[in-house]
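All remarks here apply to the structure that follows.
Any read-out appearing in this document is the output of simple, stated calculations on the displayed coordinates, not a laboratory observation. A quick note: this is a predicted structure, and the numbers were derived from the prediction, not measured. Note that we place each Cβ from the backbone using ideal geometry, even for glycine, and neighbour counts take in every protein chain shown.
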Amino acid sequence: MSEVDGATLIARSLKQQGINHLFGVVGFPVGPIAAAAQKEGVAYIGMRNEQAASYAAQAYGYLTGRPGACIVVTGPGVVHGLAGLANAQQNCWPMILFGGASETYRGGMGAFQEERQVLIASPFCKFAHAIDTVARIPYYVAEATRQAIYGRPGATYLDVPDDIITGKADEGKVVASHKVPEPPRCQAPPENIEAALNMLERAERPLVIVGKGMAWAHAEDEVRAFIERTQVPFLRSPMGKGVMPDDHPLSVAAARTLALQNADVVFLMGARFNWIMHFGLPPRYASDVKVIQLDIAPEEIGHNRPTDVALVGDGKAIMQQMNNGLAGRQWFHPKDTRGGRRSLRKRPTTSQRSSRRSRTTLRPAAISGCCATSPNGCQRTRS
């Protein structure tokens, strides 16, 4: 029976998982992986530094939906590659970092550039494991792929010793594996959809915050249909850019702080209450603001601020539910109005409440540029 070496199995496994590009810096012991990748039809892109290679791989993963793959040499190469691994994990971008290692039978002996690589990679990824036999390579690549793209996307690490890369196994004994399918698009419970729509219906100053989770879910059409049907103003996070046009008349980006501070209901749509969104806390948000939170990860619900309605699942699937739930509802503003009761109003001060003479209404359609015409001057901030 014919034999196959570990490097070839890694290349074939990557191709089987729909990963057609491999980034890295060659050297001991990962050089054969780069050579095998090119033979198997996986394009190898050599970089000048492992940090750059790992950053390229994580960007590839986010853009393609399949994990970006990166190979680095043992020891310092793995340490350098941790930068992209950690960034992929925090940014929720799928990638697999393959770290070369010395032979398995020399572990702990002070082998060339030896380091406890699985241990040091573990805090920066969802899954970290050493490949223990040549025959099980397809299993480990498939598992790393599944972990990287299922649930909240993130980083994975595989430790690849030299004797696994150059070793051989009978092809008939290689563990069979299959392409990991696209992640299931989970929906939210119908009662939560209704609760979210009811909360938005009762709101006077609702605001949608669009994050990169909606871009990852390819929910652009669903998000736009919902916002334009309901006429609710929106902000986008930096990575949410592109889901809705920046020049859309319902964008309140030019009055970001004013919008956040005055919203009475926030629909956090595939975004997180982290530093970018000021943790969801005062003074950037009202202390009594209600929160509808859509996220793929259950553990993100209620993070930093309590959530009133949780929509856990796939962004595209849930926004389809939200759009379907709008059927028969007449609470959104008609297109021929100029904001109605849902226009974003600046809250009056105590003195303004008594006089009722200085109340200012900011309509989303009028906030496409600088607010210098406001009686209180420009409301643009650097937030």
Taking the Cα centre of segment 3-173 as origin, work out the dipole magnitude from +1 charges on Lys and Arg Cβ and -1 charges on Asp and Glu Cβ, in debye rounded to 20.
560 debye
Can you tell me the mean projection area, over all orientations, of the convex hull of segment 74-136's alpha carbons? Units nm², please.
4.4 nm²
Full extension from Tyr105 to Lys173: what is 0.36 nm times the residue separation minus their Cα-Cα distance, to one decimal in nm?
22.3 nm
Angle between the chain longest axis and helix 190-202 axis [Cα atoms, degrees, rounded to 10]
40 degrees
Length released on extending from Leu63 to Ile120, taking residue separation times 0.36 nm less the Cα-Cα span
17.8 nm
Order these by the 10 Å Cβ neighbour count, fewest first: Glu300, Glu171.
Glu171, Glu300
Against the longest principal axis of the chain, how steep is helix 50-64, in degrees 0 to 90 to the nearest 10, with axes from Cα atoms?
60 degrees
Nearest-0.05 FRET efficiency for His303 and Thr133, computed from C-beta distance (R0 45 Å):
0.65
Return, ordered by residue number, the residues of segment 101-142 whose backbone nitrogen is under 18 Å from a label point located 7 Å along Cα→Cβ of Met1.
133-139
In degrees, nearest 10, the alpha-carbon axis of helix 76-91 is tilted away from the dominant principal axis of the alpha carbons of the chain by 30 degrees
Computed lengthening from Ile276 to Asn49, 0.36 nm per intervening residue step minus Cα-Cα distance
78.8 nm
Amide H proximity to Ala130 below 5 Å, modelled H, separation 5+ or other chain, gives Asp159
Using DSSP to call loops (not H, G, I, E or B), can you name the trypsin sites (Lys or Arg not before Pro) in segment 112-177 whose Cβ has at most 15 other Cβ atoms within 10 angstrom?
Arg116
Where nothing but the Cβ of Lys and Arg (+1) and of Asp and Glu (-1) is charged, how large is the charge dipole of the chain around its Cα centre, in debye to the nearest 20?
2540 debye
Restricting to DSSP H runs of at least four residues, report the calculated mean residue ellipticity at 222 nm for the chain, -39500 (n - 2.57) per run over all residues, nearest 500 deg cm²/dmol.
-9500 deg cm²/dmol
May I ask you to list the lysines whose Cα is less than 24 Å away from that of Lys39, ignoring any residue fewer than eight positions away on the same chain?
Lys15, Lys168, Lys173, Lys179
Have a look at the DSSP beta bridges in the chain and tell me what percent are antiparallel, nearest 5.
10 percent
Can you tell me the equivalent ellipsoid semi-axes for segment 197-287? Use √(5λ) from the Cα gyration tensor, largest first, whole Å.
19, 16, 12
Under the rule of at least 5 residues apart or a separate chain, name every residue whose amide H is placed under 5 Å from the amide H of Arg236.
Val210
Of the listed values [x] 29; [y] 19; [z] 55, identify the label whose number matches percent of Cα pairs over 41 Å apart calculated from this model.
[x]
Which lysines does Lys241 reach when only Cα atoms under 19 Å apart count, and residues fewer than 8 places away in its own chain are ignored?
Lys212, Lys316
